[in-house]
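Reviewing the structure listed below.
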């Protein structure tokens, strides 16, 4: 399994500084890591610092993504034959409040979810 981290925007051979401490801890334990340029990914290109091979399991450890962006990341991984640990549906259900809030409404603050195109005028 690889833990996949975004690279530093100015040095693709280093993890983004926000993930450096975790990345170093993971490397110290002997787990495998891979980096990718988040900026290139946003532009439609996905390339990892180490070649992914068919059957490699990938656990994404990076910036919060929209459901569509995460689904695109999964497709890039699958195009290389890799297998995501968290599929797009699981990611959306766990990371996006409109999906999980109804299940935990009694355990958390009252929340109102507005449409992404809500007009605040």
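The values are calculated or read from the model by the stated rules, or taken from the named source; none is laboratory data. Nothing here was measured: the structure is a model prediction, and the numbers come from that model. When we count neighbours, we look across all protein chains shown, and the Cβ atoms used for this are built from the backbone with ideal geometry, even at glycine.
Taking region 86-116 as the range and being in contact with a strand residue (DSSP E or B) (Cβ under 8 Å, 6 or more places away or on another chain) and surrounded by fewer than 14 Cβ atoms within 10 Å (Cβ to Cβ) as the test, no residue passes. On the given criteria, is residue 25 in contact with a helix residue (DSSP H, G or I) (Cβ under 9 Å, 6 or more places away or on another chain), in a helix (DSSP H, G or I), surrounded by fewer than 19 Cβ atoms within 10 Å (Cβ to Cβ) and at pLDDT 95 or above? Answer is no for this residue.
Among the residues of region 64-81, are any touching a strand residue (DSSP E or B) at 6+ places or on another chain (Cβ under 6 Å), part of a helix (DSSP H, G or I) and surrounded by 14 or more Cβ atoms within 10 Å (Cβ to Cβ)? Checking region 64-81: at least one residue is touching a strand residue (DSSP E or B) at 6+ places or on another chain (Cβ under 6 Å), part of a helix (DSSP H, G or I) and surrounded by 14 or more Cβ atoms within 10 Å (Cβ to Cβ). Between 59, 35, 3, which is under 26 Å from residue 100 (Cα atoms) and in contact with a helix residue (DSSP H, G or I) (Cβ under 9 Å, 6 or more places away or on another chain)? Being under 26 Å from residue 100 (Cα atoms) and in contact with a helix residue (DSSP H, G or I) (Cβ under 9 Å, 6 or more places away or on another chain) holds for just one of 59, 35, 3, which is 3. From the list 11, 40, the lone residue that is closer than 18 Å to residue 70 by Cβ and surrounded by fewer than 17 Cβ atoms within 10 Å (Cβ to Cβ) is 40. Tell me, which residue of region 46-63 that is over 13 Å from the mean Cα position of the chain (by Cα) and assigned to a strand (DSSP E or B) is farthest from residue 26 (Cα to Cα)? Restricting to residues being over 13 Å from the mean Cα position of the chain (by Cα) and assigned to a strand (DSSP E or B), the top hit is 48.
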